[in-house]
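Novice: So that we are looking at the same thing, I have put the structure below in structure tokens.
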Amino acid sequence: MSIRLIDTKSYRMKSLRVDSVKYAILSHRWVEGEEITYEKMLELSNDPNHPARQWSGYQKIKQACDKALSREYRYVWVDTCCIDKKSSAELSEAINSMYGWYQNSSVCFVWLSDLSQNANIETELPRCVWFTRGWCLQELLAPRNIRFYNRQWTYIGDKISLGWLLSKITNIDKGILAGNIPLSEVPVARRMSWAAKRKTEKVEDLAYCLLGIFDINMPLLYGEGTKAFLRLQEEIIKRSNDLTIFFTSTRAEQSNHVCSAPVVCDTDEDAEAKKYRHAIPHRNLFAESPRGFMHCGQVAANNVTDDQSFAMSNKGLYFKTVQLITDEDGRFYRLPLNCYRRASNIPDDCDLLLRKIGPNMFVRVRLLRLQNVTAPRAITADRQKGGNRKYAEGEAYIITQVTQSIRTMIDTSDSYFIQLQMSLGDLAENNWTLKITEVVPKDYWDPLNLRILIPRGGRLQGHMRIFANFSGDSSTRSKYTAFYLLYRIEGDLEGQSKRRTFLSGLRFFATDDWERIKLQSEHRNLEGMAAGDRFKWGKIQVNATITQTLPLRIGIRASKVEDLVHRPK
């Protein structure tokens, strides 16, 4: 690969192979109207009296050449004039190569134009605008040898001697700044946090300036806006299974929050959060900008072998197998992100909150879960089996963008379902347990909330198999009984017709003839259920006596005009 460089003696540009030459490189802030472009540099090479030679941008190039020549480097690279920005192909190649160019440089000169000659370095250096620019992040990380200069081009220190102060300013570990820790070993969320407070002139550059930090190459599409940052995240997950990329902060309601830990939020979501004061807010899976990772500066990965794989699909983020934990209040699923916070020796487990809204379909909840623990813990099945927690395992799709059609799906899942309420009463203390062993169709079953979701078409039929088991002492033989629920739903969920949604069949069986019942359900031969229990107005309760000693209570809730509608309060 070739690179266009400035000859430090003649100030003329020439293209050379990047791996065949030693060169210095300049990092600086641009000055509007004063910078020397590629075209202007060609004019200056042929006109010694060109007025642009008096511009601050040209004086900056001369100073960089002088510093390089004094250190016996024949060539310098300066971004203002060494890229022909009128060529979109060259600009795209340069931006995709820029991290490598800084990394391969022999020395990087950082010129701080707003740092005065007599400035107190400890107090004034953090105020330099250079630390707020998006492109300057890679210019700090990539070169191993960096020399800092003030406004008068007086040397003030290098990346090693100023390491402690640079780490304090940027919240980047000294070992990372020194190049002793590869960036690939730093969690994605923490790398994103380094850019959270930085700015660029173009919104797309908030993504493009991070390409090298994540070792990503992708085409540039100026005009795509925040989609550039979305594309960057999608490219990252193609080559990394680091779940911390989803550990983005959110602006959520402050009252009645499900977490005891403080909420860290994006500042631009205040107005939207107020609308969800008493409802469950949903959000897109990915962040819109690095600001969403502002709280991730101390995020570290759990030391566990994580072979979890996921990929993008046209239905959302796809997990072939994922284990979801239920939240303590029974409303949400939690996807462990396998990370914790390095703060005050009290790390946090970080979980993504989800709600099931359809067949294997989940949507992200705006609230971010932080659970205080005493030490980082591996995510294992044993953790999920503690206490009263339930867990579900299987394939899953997580919605990436909450579009209008997804909002309709969410509304349907909130409004139409069969809610089961099962209880053993006093028998629960006498070694009786209850277990749902099969639900058909499985995709519509929400095990966290014990509900069967009703599709928008209003047609669903299937069955459920439940075991009631008794385990006595060693002298008592274990015994169990099973009961079966067959259901058939017909109707119109859209309200477009006068047909009322109703449960046309609901039958309970206490029998060992499971194959006959299963066959009846699978072949949709449920006409015999017509005489079964139907929904009535309001909340009803159906009692099914499985044995003479084991009453099993199943409550089915309904409200509003449609018999099958239930809206949570």
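Novice: Using the beta-carbon distance between residue 437 and residue 171 and R0 = 56 Å, what value does 1/(1 + (r/R0)^6) give for FRET efficiency, to the nearest 0.05?
Specialist: That pair, residue 437 with residue 171, gives E of 0.65.
Novice: Give or take rounding to whole Å, what are the principal axis extents of the alpha carbon atoms in the range 101-188, in descending order?
Specialist: 39, 25, 23
Novice: A further question on this structure: With point charges of +1 on the Cβ of Lys and Arg and -1 on the Cβ of Asp and Glu, referenced to the Cα centre of the range 20-148, which listed residue (120, 49, 91) lies farthest in the positive direction of the dipole?
Specialist: In the range 20-148, that residue is 120.
Novice: At 1.4 Å probe size, with no ligands or nucleic acids counted, give the accessible surface of residue 92 in Å², nearest ten.
Specialist: 30 Å²
Novice: Testing the spin-label approximation: label points 7 Å from Cα along Cα→Cβ at residue 49 and residue 183. State their distance in nm.
Specialist: 4.7 nm
Novice: Highest mean first, how do 405-411, 185-191 rank when packing is the count of other Cβ atoms within 10 Å averaged over residues?
Specialist: 185-191, 405-411
Novice: Further question: Pop the C-beta distance of residue 202 and residue 120 into the FRET formula with R0 = 51 Å and round what comes out to the nearest 0.05.
Specialist: So, using R0 = 51 Å, E works out to roughly 0.90.
Novice: Once amide H atoms are built 1.01 Å from N in the peptide plane, which residues 5 or more positions from residue 299, or in another chain, come under 5 Å H to H?
Specialist: Hits under the 5 Å cutoff: 342.
Novice: Just to verify a number: what accessible area does residue 114 come out at with the full protein assembly present, 1.4 Å probe, Å² rounded to tens?
Specialist: 50 Å²
Novice: With θ set to phi - 60°, apply the Karplus curve 6.51 cos²θ - 1.76 cosθ + 1.60 along the range 113-125 and write out the HN-Hα couplings as whole Hz, x wherever there is a Gly or Pro.
Specialist: 6, 10, 9, 6, 4, 9, 5, 6, 4, 5, 9, 8, 4
The values are calculated or read from the model by the stated rules, or taken from the named source; none is laboratory data. Model, not experiment: these values are computed from the prediction. Note: ideal-geometry Cβ built from the backbone for every residue, glycine included; neighbour counts use all protein chains shown. We work out accessible area using only protein heavy atoms, side chains counted, and drop any ligands, DNA or RNA first. Shrake-Rupley method; radii C 1.70, N 1.55, O 1.52, S 1.80 Å.
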